[in-house]
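Some notes on the structure that comes next.
Laboratory data are not the source of any read-out in this text; all were calculated from the coordinates shown. A quick note: this is a predicted structure, and the numbers were derived from the prediction, not measured. Neighbour counts run over all protein chains shown; Cβ positions are idealised from the backbone, glycine included.
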Amino acid sequence: MADQKTYSIRCPIHGSMPFNQREVGLINHPFFQRLRLVSQLGFASLVFPGATHTRFAHSLGVAHLAGKVFDQIRQGQLFDLQQAYSAEQLAYARQILRFAALAHDLGHPPFSHAAESILPTCASLGLPLALGISPESQASHEDFSYAIVYRLAKLGVFEEDEANDIVAILSKRLKPSAKLDPKAGFPSIFALLCQLINGEVDVDRMDYLHRDAYFAGVPYGRFDMERLVRAFSIAPVENRMLLAIRQEDVPTYENFLLSRIHMFHQIYFHKTLGAFSYYLRQAFVEKELDFSITGDLDEFVHCHEASLRESLNRGADRKWSRLIVQRKRAKTLLRLSDESEPGQEKLDWLSQILDAAGVPFFISRSSNRYTSQIRSAKIGPETVMVIQSEFGQKKLVPLADCSPLLESPVKRQIMITQLYVLEDQINQANQAIQKGLNDTNT
């Protein structure tokens, strides 16, 4: 790959980030520039005033980390990639990884996940059948990202093989092109590239944890990023290469995992965000807004938070839109962090009490998998390996078998359930609850 001019972009998280001409061409495209008007944390700025950062800045940071991590694993501890791939192939793999990092959030709608409920069916996006996505299913932001990558290929930003490989990495549904085929007898790098973009310890999570903590002004998401990057290596396992870390760096991974768990509990699933996301979904359900998203990608370029906020302001005389525009918070009467039977019984009891008293309420449920690593499971494309050294010998062990944090065979999900009432109904709700408690005790 010919040398290209390098441009430097400054970042408060990573410092100076270099991008080549082709990457800058993608960054300057309207599809990517749209992300300047899509916030990274949706309604979080209502609680954390500094959290106004965007998917645009985040995507730049992810691409920068993708290059750093690829350069780290190319050095090799157990395996030298140059045995399996030519220098040209490795340069191609690095470029495709960075393109995938830049493109991974291109399909996010305004306010990110809260607006996904109004995305059209996949049929409207014209995605290739090889992806195995049902045309009748509702599109996700990932589906929009794939469609945009294919559109960018038609516009000359990517070559056809590049678009295929970018979507293959993002979706894990496509076979990569022959450009990523190793020499005969060597394992493929493809699973590793997928892990680096969407895996247990991926560059997406590494960037957003530090970035979100920085702009929210909280300490929860901080971990030793530099040491974690230096810990990365590759492990050839059967017909694939997998991400690996050294035994002595397992605590660095655990610090990363705990940071992620804490950020979900303290930031991503914050009680205020849950309420406002519910407001927005209801505004869509009850058709309060003159705002829609179709599969027309030319229209999607203009689908951002500025236009959605204008629609909210125009509908500010309607129930849910008014709550958003006037920033009316809801009161959390119950917050459950698991799906235990006692918690569900408490939720059912409270729901019945409020129902009987005629107090309107709503329930918000949020969940996210906190780890993909399962102890004693068969090694697969998502498995992170640990390099253990003993008496001069190295052996590979799955990460889940090396970390006490991954011992539980059951709890793999962060589950938050919250029951709310609106501010003007708090007194009525409290009276109903007190009466219910008195009746229970008599």
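Look at L336, L242 and count the other Cβ atoms within 10 Å of each Cβ; fewest to most, that gives L336, L242.
Run lengths n ≥ 4 of DSSP H only: what is the helix-derived mean residue ellipticity at 222 nm for the chain, with -39500 (n - 2.57) per run over all residues, to the nearest 500?
-13000 deg cm²/dmol
Neighbouring Cβ atoms within 10 Å as the yardstick, rank Y208, Y150 fewest first.
Y150, Y208
A straight Cα-to-Cα reach below 25 Å connects K395 with the lysines K183, K378, residues fewer than 8 places away in its own chain not being considered.
Calculate the length of the line joining the C-alpha centroid of the stretch 135-167 to that of the stretch 229-257, in whole Å. Taking the Cα centre of each part, the stretch 135-167 and the stretch 229-257 sit 30 Å apart.
How would R230, R327 line up from fewest to most surrounding beta-carbon atoms within 10 angstrom? Kindly include the intermediate steps, with their values, before the conclusion.
Details: R230 16, R327 10.
If I rank by nearby Cβ atoms, fewest first, I get R327, R230.
A straight Cα-to-Cα reach below 14 Å connects K68 with the aspartates and glutamates D202, D204, D207, E226, residues fewer than 8 places away in its own chain not being considered. In this simple spin-label model, placing a label point 7 Å from the Cα along the Cα-to-Cβ direction at both K394 and K287 gives a separation of 6.3 nm. Derived scalar couplings between HN and Hα for the stretch 317-333 equal 8, 9, 3, 6, 5, 4, 4, 6, 4, 8, 6, 7, 7, 9, 8, 7, 8 Hz in order, rounded to whole Hz, by the Karplus curve 6.51 cos²θ - 1.76 cosθ + 1.60 (θ = phi - 60°), x for Gly and Pro. Spacing of the modelled spin labels on S367 and V301, each 7 Å from Cα toward Cβ, amounts to 3.9 nm. Using θ = phi - 60° in the Karplus curve 6.51 cos²θ - 1.76 cosθ + 1.60, the 3J(HN,Hα) couplings for the stretch 205-222 round to 5, 4, 6, 5, 5, 5, 5, 5, 5, 4, 7, 7, x, 10, x, 4, x, 8 Hz; x is entered for Gly and Pro.
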